[in-house]
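Have a look at the structure below before the remarks.
The values are calculated or read from the model by the stated rules, or taken from the named source; none is laboratory data. Computed from a predicted structure; not experimentally measured. Cβ coordinates were reconstructed from backbone atoms using ideal geometry, including for glycine residues, and neighbour counts include every protein chain displayed. What goes into the accessible areas is simple: the full protein's heavy atoms, side chains included, and nothing from ligands, DNA or RNA. Shrake-Rupley method; radii C 1.70, N 1.55, O 1.52, S 1.80 Å.
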Amino acid sequence: MTARGVSRALAAVALLLSGCEPEPRQWLVSVSTDAPTPRFGDHLLLEVMGEDASCTGCMRLIGVDGPDSLPVSFGVVPRNEGATVRIRARLYRAEQAGPDGLPSASALIDAVAKLPPLDGETLVAFDLSMRCFGVPSLPDQGATCDPNVGALAPEPVLPLLSDVEPRPEPGSWPSAAAVSCQGPAPAGMVCVPGGVFLLGTPRPGYTVDIDELSQPERLVQLGAFAIDVDEVTVGTVRELVATRKIRSEPAARDVDAPGSGPGACTYIGASDGANDALPVNCVTHALAEEVCSALGKRLPTEAEWEYAAGNLGDETAYPWGNGGDLCAMALLGRGRGIGEADADVYENFGCRPLDAAVPWGPVAGGAPSDVTALGVRNLGGSMSEWVADTFAPYAAPCWQAGGPLLVDPVCREPAPGAGPSFSYRGSAWSGYKLAARAAARSHERASTFNPGTGFRCAKPM
């Protein structure tokens with residue numbers, strides 16, 4: 001063990017779960033992790049388990065502000081000679097805590113282990129591995145995650161501190177390292193360095209999440225990729241049509257229905273360039289894929305889209321950060337509908353009250369404030385955007401393949417009889433505020449097209 005590790009394990013304030021001063025015969029347990037903290041855990045919950053512990057069922061909650069908060073040491077005093085005592089440690093984020101303060105989600109490190117035979121003051125190491133992130137222990141069954149395989153196994157006996165060298169350092173998990181782009185991004189695109197993040201959200205916060213569409217969270221590792229700075233425009237699609245690089249066209253605007261539906265489609269024909277600066281909409285998923293392919297790109301995956309929209313490892317709530325007036329930050333909540341009679345017009349009151357001079361419909365360039373730190377624009381509003389994945393809840397098999405860590409995932413669930421349903425991300429000019437969150441998701445049939453959905457393209461780097 002390094003001198004630094006010894007000094008921190010022994011000189012750091014010993015957290016006595018027994019609530020008493022250290023006794024000559026005790027276990028002194030040193031807890032550390034390779035997890036990036038506080039990003040993947042800002043709370044450490046320690047629990048003594050076993051009939052022979054002097055503090056059976058005792059818990060202590062320790063705040064983990066950053067790498068310097070660990071290792072942390074605590075003492076456990078046996079009640080009887082030959083005591084069998086178990087320790088449970090859970091590293092999790094505050095937003096995962098339920099009403100009782102205990103973690104209520106599975107996106108955490110949860111480990112249980114037995115203490116070795118006691119020999120005076122016995123120093124032991126309890127290391128929490130990111131390899132076990134998202135694999136909950138089963139204390140009642142004596143099972144916990146084995147970091148060598150990332151799966152459940154019988155509870156181990158903790159090793160002596162002197163036998164563990166080196167100790168893991170917070171943030172040393174190899175997969176946490178950023179992945180640089182190989183070369184500059186193509187024109188009109190921005191490089192998004194690869195890395196790890198949590199896809200989804202620990203609890204519902206979006207109207208469609210009635211069936212928990214964004215849960216449970218998934219640990220995802222992405223390679224570097226490039227993504228379009230802006231949504232694909234009418235002008236880009238018209239050029240592909242003119243050069244016969246694509247065979248289909250978007251649905252054209254219905255000039256006789258200006259209030260809603262096809263009347264808000266931005267494409268007005270292959271020979272009319274009046275709307276070239278507007279984002280294209282009224283496109284099926286297949287046409288979006290065809291356009292990206294013709295441009296030498298592809299649709300972004302759900303994971304790539306959310307990673308870019310949440311500012312990578314910062315995992316912000318919105319592309320521009322964690323707050324602000326959504327009506328001012330993004331182009332959304334400006335819908336209009338027509339009732340049974342043409343004169344029966346109703347407004348989306350989210351951001352377009354009846355007495356406000358706010359434009360209805362798509363706007364060239366979108367909202368200046370709706371931009372990520374890397375410069376990707378209008379991920380929060382303007383258009384909802386098709387992504388590559390068929391839709392499935394995060395509990396579905398396609399979001400679990402490969403174990404707790406998903407590497408460059410793309411979901412392709414078998415289609416039901418009615419045909420596949422694809423995911424789309426972000427809110428739209430006519431959409432709702434809650435849909436602007438980076439983790440929010442929704443879905444439509446592949447054949448669906450509407451004036452609130454467009455797309456942008458991506459490519460690996």
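What spacing in nm lies between the two simple spin-label points modelled at SER162 and LEU374, each 7 Å away from Cα in the Cβ direction?
About 5.0 nm separates the two model spin labels.
How large is ³J(HN,Hα), in whole Hz, for each residue of region 38-44 in order, when computed from phi with the Karplus curve 6.51 cos²θ - 1.76 cosθ + 1.60 and θ = phi - 60°, using x for Gly and Pro?
Values per residue, Gly and Pro as x: x, 4, 9, x, 10, 10, 10 Hz.
FRET efficiency for GLU239 and ASN322, Cβ-Cβ distance as r, R0 = 35 Å, nearest 0.05?
After rounding to 0.05, the efficiency reads 0.35.
Can you give the extra length, in nm with one decimal, that the chain gains between ALA401 and ILE246 once fully stretched, where that is 0.36 nm per residue apart less the Cα-Cα distance?
52.4 nm
Excluding residues fewer than 8 places away in the same chain, name every one of the lysines whose C-alpha is closer than 30 Å to that of LYS297.
LYS245, LYS433, LYS459
Just the number please: accessible area per residue for region 124-223, 1.4 Å probe, all protein chains included, in Å².
That works out to 46 Å² for each residue.
Scan around GLN26 for amide H atoms under 5 Å from its own, H built in the peptide plane at 1.01 Å from N, and keep only partners 5 or more places away or cross-chain.
Long-range HN contacts for GLN26: GLU121, THR122.
Can you order the peptides 78-86, 64-72 by their average number of other Cβ atoms within 10 Å per residue, highest first? Display every interim value, and only then the final one.
Details: 78-86: 14.8, 64-72: 17.4.
Result, highest mean Cβ count within 10 Å first: 64-72, 78-86.
What FRET efficiency, computed as 1/(1 + (r/R0)^6) with R0 = 22 Å and r the Cβ-Cβ distance, is obtained for ARG25 and MET59, rounded to the nearest 0.05?
Here the calculated transfer efficiency is 0.45.
In cubic angstrom, how much convex hull volume per residue do the alpha carbon atoms of region 101-187 span?
178 Å³
Tell me the carbon and sulfur percent of the accessible area for region 56-188, rounded to whole percent, probe radius 1.4 Å.
So the carbon and sulfur contribution to the accessible surface is 53 percent.
According to a simple spin-label model (label point 7 Å from Cα along Cα-to-Cβ), what is the distance in nm between LEU102 and SER447?
Output for this residue pair reads 5.0 nm.
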